[in-house]
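Worksheet: one structure, shown below.
The values are calculated or read from the model by the stated rules, or taken from the named source; none is laboratory data. Everything quoted here is computed from the prediction, not taken from an experiment. Backbone-built Cβ (ideal geometry, glycine too); neighbour counts: all protein chains shown.
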Amino acid sequence: MRQSIKRRKKNLQKKEAIKDIIKKIKKLIAQGKTDEAKTLLPQAYQTIDKAAKSYLAKRTAGRKKSRLLTYINKYAGSSH
C-alpha cells in the first residue's frame with residue numbers, strides 16, 4: 001500500500017512537470033517569443049523522456065514531443 005502511494009506521488013510530480021513546461025512554451029509562443037520557446041524545447045524533451053521511463057508510454061511520449069515541435073514550428077514564422 002505505501003509503495004503504491006509513493007509511486008503515485010512521483011508519477012503525479014512528473015505529470016505536473018510535463019504540464020508546466022508545455023504551458024510555459026505555449027505561453028511564450030502566445031507572447032510571440034518563439035526563440036525563447038525553442039530554448040525550452042530540450043528541457044521539455046528531457047522531462048517527457050524521464051516520464052517515459054516510468055509511467056508514460058513510449059509512443060505517448062513521442063506523440064507529445066512531436067505535437068509540441070509542430071506547435072512551435074507552426075507559430076515560428078508568423079508573429080502570433
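The combined condition, being in a helix (DSSP H, G or I), modelled with pLDDT of 95 or more and not aromatic (Phe, Trp, Tyr), is fulfilled by Lys24. All conditions but one from (1) surrounded by 15 or more Cβ atoms within 10 Å (Cβ to Cβ); (2) of a type in the set (Lys, Arg); (3) more than 9 Å from the chain's Cα centre (by Cα) apply to Lys65; the one that does not is (3). For the stretch 40-53, filtered to residues that are exposed (fewer than 15 other Cβ atoms within 10 Å of the Cβ), under 13 Å from the mean Cα position of the chain (by Cα) and free of Cβ contacts under 8 Å to residues at least 24 places away in the same chain, the residue that is nearest to Lys64 (Cα to Cα) is Asp49. In the set (1) under 14 Å from the mean Cα position of the chain (by Cα); (2) part of a helix (DSSP H, G or I); (3) surrounded by 11 or more Cβ atoms within 10 Å (Cβ to Cβ), the condition left unmet by Leu56 is number (2). Looking only at residues in the stretch 46-80 that are of a type in the set (Phe, Trp, Tyr) and in contact with a helix residue (DSSP H, G or I) (Cβ under 6 Å, 6 or more places away or on another chain), the one that is nearest to Glu16 (Cα to Cα) is Tyr55.
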